[in-house]
1. With +1 on the Cβ of every Lys and Arg and -1 on the Cβ of every Asp and Glu, and nothing else charged, how large is the dipole of the protein assembly as shown about its Cα centre, in debye rounded to the nearest 20?
2. Taking the dipole about the Cα centre of the protein assembly as shown, with the C-beta of Lys and Arg at +1 and of Asp and Glu at -1, give me whichever of B:Cys142, B:Phe43, B:Asn5 is farthest to the positive side.
3. Express in whole angstrom the spacing between the alpha-carbon centres of the stretch A:32-46 and the stretch B:31-110.
4. What is the gain in length, in nm to one decimal, between A:Tyr143 and A:Asp78 on full extension, counting 0.36 nm per residue of separation less the C-alpha to C-alpha distance?
5. Would you calculate the volume per residue, in Å³, of the smallest convex hull containing every Cα atom of chain A?
6. Could you work out how far apart the two model spin labels at A:Thr31 and A:Glu119 are, taking each label as a point 7 Å from the Cα in the direction of the beta carbon, and quote it in nm?
7. Taking 7 Å along the Cα-to-C-beta vector as the label spot, tell me the B:Asn50-B:Ile64 distance in nanometres, rounded to one decimal.
8. If amide hydrogens are placed 1.01 Å from N in the peptide plane, which non-local residues have theirs closer than 5 Å to the one on B:Ile71?
Protein chains: 2
Amino acid sequence: MNNENQIVDALRKRGNKVTPQRLVTIEVLMTLGQQHFSVEELFQGVKQRNPEVGMSTIYRTVQILEEMGLITKRNFDDGFARYELCELDEKHWHHHLICVKCGKVIEMQDDFLEALEKEIEEKKDFIIINHELKVYGYCSDCYGITKGE
Amino acid sequence: MNNENQIVDALRKRGNKVTPQRLVTIEVLMTLGQQHFSVEELFQGVKQRNPEVGMSTIYRTVQILEEMGLITKRNFDDGFARYELCELDEKHWHHHLICVKCGKVIEMQDDFLEALEKEIEEKKDFIIINHELKVYGYCSDCYGITKGE
DNA sequence: TTAGGTGCAAAAGCTTTGCAATGCT
DNA sequence: AGCATTGCAAAGCTTTTGCACCTAA
């Protein structure tokens, strides 16, 4: 479970300083939950609580949080990097169904891939630390609309 | 099978014109084969054969080829979009093992995911048209090196 | 002929960086 | 005090666009 205090401690342990800017950033991070946020969106949230904070600070903080393994970069081809909070405790990844019509991203919890992973590690001599599955298609809202196309 | 003539025909059928620039671009595309090429790399290849061609022409041609479904955009987080030739005939996707140490990308042919796809289509009410699996980890060259880290 | 294509240079957008001032620890 | 951090502005990157000129069909 990632709460603010844990993150703050981890920052100090890394030799990073805990500034008001970072505190606010972490706060907003928590409110964003499991969403796929862009740096811009994070920045907007932070600015609401403290208009003084600069964009580059957010970028730098995001970099640190990524190095710490607290957030992961995702790419949904919408022009900017997106991140999401990692679930540190469980090695339980989720996948994304991406609607090519409306762009909606549906999350899917399913560890179907464990068998595949084992096979890869054996056959390919590759040590797996993470994986990412994106499935493109039409969501239920868009399927009907598109049908006659 | 995608040969140059097929692509040329498809271009004309779409109402696009077949210019020398596009011919060279397609030529180079063939030599790049199944590699994951960036627009810059494609541009370099084209420039060797015809130094007059401008970068924006390559970008525009790549856009058209993508719309035509002949190439697909991939993202390996190295700063720019990468593309690869599609295999039109077979619905036979391949996946990527990405080494987080040296950046090497290993391709993997395996249609393990068909069962998963069926389940998604049923459970999630989602019509799948494509998928993309990226597996991050250490390749055989880097595993030993990293071991003692 | 004429609609689409081309090259160049400029613009766009996201992201990074240099630097002087600031502030955790 | 010492060194990481900050905010700003400028720079860096890839990618897109405007425009006048060209060219395939």
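Read-outs throughout are calculated quantities, based only on the coordinates presented, and are distinct from any laboratory measurement. Quick caveat, the model's predicted, so the values are computed rather than measured. We place every Cβ from the backbone using ideal geometry, glycine too, and count neighbours over all the protein chains shown.
1. Once rounded to the nearest 20, the dipole reads 1240 debye.
2. Result: B:Phe43.
3. Centre-to-centre distance over Cα atoms comes out at 31 Å.
4. Gain in length upon complete extension: 21.3 nm.
5. Dividing the Cα hull volume of chain A by its residue count gives 157 Å³.
6. Inter-label distance under the simple model: 4.6 nm.
7. 1.1 nm
8. Amide H neighbours of B:Ile71: B:Glu66, B:Cys86.
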